[in-house]
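The values are calculated or read from the model by the stated rules, or taken from the named source; none is laboratory data. Owing to the predicted nature of the structure, the values given are computational and were not obtained by experimental measurement. Here the Cβ positions follow ideal geometry from the backbone for every residue, glycine too, while neighbour counts run over all protein chains shown. Ligands, DNA and RNA are stripped out before the accessible areas are found, and what is left, the full protein with its side chains, is counted by its heavy atoms. Shrake-Rupley method; radii C 1.70, N 1.55, O 1.52, S 1.80 Å.
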Amino acid sequence: MILLWAGVSPAPAVPAFSELRQMASFSPKEVLVLADSLYDEVAYPHYKLDYIKACAYFRLSMFTQALHTAEHAYNSVEIKSDSLLYSRIFMILAEASVFSYSIEKAARYIQKGKAYATASGNDMLMGNLMNAEGYLYRRLGLPRKAYECTLGAVNLLNEAEGEERAFHLSRAYGFLMRYYISDRKFQEAWQTGLIRNQVIGGLKPLHGLDNQCGYQFCKMAYLACMLGKEEEAVSYYNKYLQTNFSKTYVGQLEINDYLLARKDYSGVLSNAKAYIQEMDRRDTLNISYVRLLQQACTAYEAMGNYHAAYKLAKRRLAIQLSMRTNNERNYLMGGMNPLEEIDDKKKLAQMEADLHAQQRFLLLLVVLAGVLFCFLIVFFTVNRMLYRKTRKMDEMLRRQILQHEREPVVAEIIAESGKEKLEIDRKETEPAAGEAGGSDAGPSDNEEESVYQGKYLFSVFDTRVRREKLYLNYALGRDDFARIMGVDKNRFAYLLKEGGAVNLTTYMNGLRLEYSLELFKKHPDWPVSKIAEQSGIPNLSTFYRLFKEKYGTSPNFFRNQFQEQE
């Protein structure tokens with residue numbers, strides 16, 4: 001009363017910390033401004049404000065900024081006495097590292113967080129870190145490990161206690177649904193989604209219910225559409241529109257998969273335009289951004305606007321190349337387990353530091369010179385022996401390939417020959433290709449060696465495509481397959497023809513049809529529509545046409561004939 005009578009306005013009340021945390025989910029931009037203004041206040045220590053800002057940045061998909069701010073909070077001495085925020089900061093550090101492609105940091109924070117969770121008996125922290133670990137393995141191309149980690153997180157969180165259990169368990173089911181959808185296991189994803197619906201029913205509004213529901217409705221609408229459940233798809237889509245999540249950039253990104261399935265390309269592009277403009281002002285090395293560009297590119301291509309699709313495809317490729325050239329990621333992509341390599345790297349660094357501290361400069365130069373000399377001798381000796389063995393194997397393989405005797409054992413020998421042999425073959429073929437006029441020119445009659453090398457490259461490529469069932473992955477394009485073979489796209493097209501395929505589409509459809517025969521034999525009770533979908537040719541009329549062109553009979557006739565033989 002005295003302040004009002006004197007004409008002085010009272011200072012605005014500082015919001016409670018729980019209120020700030022809720023604002024980070026619902027109004028992330030506003031909470032960033034508010035948090036900056038509170039740094040000079042004495043109400044909260046800086047590590048708490050850094051935590052709030054990290055949550056807000058994460059909510060805005062600004063994962064690099066979220067990681068940077070979370071590290072500020074993590075490095076604070078005070079946060080270690082705050083067990084609740086200390087466990088939560090590990091969750092942000094782990095997921096923001098994975099999403100921003102800071103792979104080495106992700107491995108390190110996951111390892112440290114799991115050690116802390118074990119020591120403190122925090123099952124919910126352990127479950128969340130297992131989710132992040134699974135997503136890390138997914139980014140590294142290890143899907144089996146990703147499923148193991150995520151299913152382990154589901155089992156652990158099912159047994160956990162506390163009010164937040166349903167929130168974290170729902171997120172674990174969400175990761176599992178994402179993997180099933182990516183692997184086109186729609187029925188498994190749908191069943192997981194039904195379980196998640198029940199878990200979300202136990203969530204409280206204060207626990208981010210709107211975001212959880214928004215994500216779930218997007219995925220269920222898409223799955224219902226892919227499984228032919230049209231009424232349920234529309235119902236889930238309408239539920240999504242009623243959430244605040246639908247008005248966010250992330251919400252518009254997530255619903256685009258459903259819109260693409262419904263062929264609502266204008267809706268996809270409308271969502272993409274606003275998202276791209278926003279993300280261009282942020283950190284671009286972002287998984288969500290790449291995914292959005294792919295969605296928009298698909299929509300433009302379906303509408304026949306190939307020029308716009310090409311521009312977006314170039315931008316997406318540039319971002320992906322930037323991610324792949326990240327030194328940390330390249331180091332960890334060498335077939336190593338990143339979580340197990342952290343300790344080894346620390347030990348190696350300590351050993352190297354001790355060595356440099358104990359040795360004098362002159363002695364080091366002498367030792368290095370001696371080691372280098374011995375290495376060169378051993379290298380040239382081994383290389384010569386390997387070259388001779390390779391030439392003998394080449395003679396055997398050349399005769400078999402030229403006589404069209406591709407037995408399974410030969411394919412296995414070729415597939416397991418490894419990268420070293422492939423590099424030797426490339427070095428031998430590159431001069432011949434140059435003399436013939438570059439990689440675009442095919443081999444002539446006088447270049448039998450080059451012709452053989454082309455057949456060898458196609459055989460290695462064909463073995464890998466069949467073994468890993470890459471023909472079922474529509475995310476792979478011509479450029480991706482050319483990189484798998486290790487040649488440019490012009491050389492790739494030539495080698496496909498040398499291998500007996502008219503073009504990439506014909507080659508892939510042939511493999512899908514061969515795979516459909518296996519499915520007919522393994523699952524005689526499946527309808528033809530399911531066989532077509534699982535074979536990678538979801539359009540039923542296209543499947544019928546291609547099947548009859550290749551095998552001279554209809555799929556139904558083939559199945560009936562096979563059952564009669566059985």
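At 1.4 Å probe size, with the rest of the protein present, what percent of the exposed accessible area of segment 475-566 is carbon and sulfur atoms?
On segment 475-566, the fraction of accessible area on carbon and sulfur atoms equals 48 percent.
Which of the residue pairs K497/K548; K229/K522; K105/K219; K48/K114; K112/K219 have a Cα-Cα distance greater than 28 Å in the structure shown?
With Cα atoms farther than 28 Å apart: K105/K219; K112/K219.
Please go through the residue pairs K53/K273; K29/K239; K247/K489; K80/K185; K80/K239 and name each one whose alpha carbons sit more than 32 Å apart in this structure.
Violating the 32 Å Cα-Cα cut-off are K247/K489; K80/K185; K80/K239.
Counting heavy atoms of the protein chains only and a 1.4 Å probe, report the per residue accessible area for segment 205-256 as a whole number of Å². It would help to have the intermediate numbers written out before the result.
Details: 2200 Å² over 52 residues.
Roughly 42 Å² per residue, with all protein chains present.
Treat each spin label as a single point 7 Å out from the Cα along the C-beta direction, and report the S529 to Q198 distance in nm.
Taking the two extended label points, one gets 2.8 nm.
Using θ = phi - 60° and the Karplus form 6.51 cos²θ - 1.76 cosθ + 1.60, what ³J(HN,Hα) does each residue of segment 179-190 get, whole Hz, x for Gly and Pro?
Taking θ as phi minus 60°, the curve returns 5, 4, 5, 4, 8, 6, 9, 5, 5, 5, 5, 5 Hz for segment 179-190.
Between A369 and A308, what length in nm is gained on full extension when 0.36 nm per residue of separation is reduced by their alpha carbon distance?
Fully extending the segment from A369 to A308 adds 16.3 nm.
Could you tell me the calculated FRET efficiency between T505 and N556, based on Cβ-Cβ distance and R0 = 25 angstrom, to the nearest 0.05?
My answer for the efficiency is 0.50.
Determine ³J(HN,Hα), in whole Hz, for all residues of segment 304-319 in sequence, where each value follows from phi through the Karplus function 6.51 cos²θ - 1.76 cosθ + 1.60 and θ = phi - 60°; x replaces Gly and Pro.
Karplus-based 3J(HN,Hα) across segment 304-319 equals x, 8, 6, 5, 5, 4, 5, 4, 5, 5, 5, 5, 4, 5, 4, 5 Hz.
With all protein chains present and a 1.4 Å probe, how do S100, S270 order by accessible area, largest first?
The residues order as S270, S100, largest area first.
So if I take the centroid of the Cα atoms in segment 494-532 and the same for segment 288-312, what is the distance between those two points in Å?
27
Could you work out how much longer the chain between N155 and K247 gets when fully extended? Use 0.36 nm per residue separation minus the Cα distance between them, nm to one decimal.
29.8 nm
Provide the FRET efficiency to the nearest 0.05 for the S182-E518 pair, computing r from the beta carbons and using R0 = 22 Å. Could the numbers behind the result be given before it?
Numbers: r = 22 Å, r/R0 = 1.02.
Once rounded, the FRET efficiency stands at 0.50.
Given a 1.4 Å probe and heavy atoms of the protein chains only, how would you sort T192, T298, T118, largest accessible area at the top?
Solvent-accessible surface, decreasing: T118, T298, T192.
In whole percent, and with a 1.4 Å probe on the protein chains, what portion of the accessible area of segment 16-150 is carbon and sulfur?
On the way: 2870 of 5360 Å².
On segment 16-150, the fraction of accessible area on carbon and sulfur atoms equals 54 percent.
What is the spin-label model distance, in nm, from K29 to A16 if the labels are put 7 Å beyond Cα along the C-beta direction?
Label-label distance for K29 and A16, simple model: 2.8 nm.
So how exposed is R388, as accessible area in Å² (1.4 Å probe, rounded to 10)?
The accessible area of R388 comes to roughly 140 Å².
With θ taken as phi - 60° and the coefficients 6.51, -1.76 and 1.60, list the Karplus ³J(HN,Hα) couplings across segment 524-538 in order, rounded to whole Hz; mark glycine and proline as x.
Taking θ as phi minus 60°, the curve returns x, 8, 6, x, 4, 4, 6, 4, 4, 5, 5, 7, x, 10, x Hz for segment 524-538.
Might you tell me the accessible area per residue for segment 465-538, computed with a 1.4 Å probe and given in Å²? Provide the component values of the computation, followed by the final result.
Details: 3620 Å² over 74 residues.
Accessible area per residue, segment 465-538: 49 Å².
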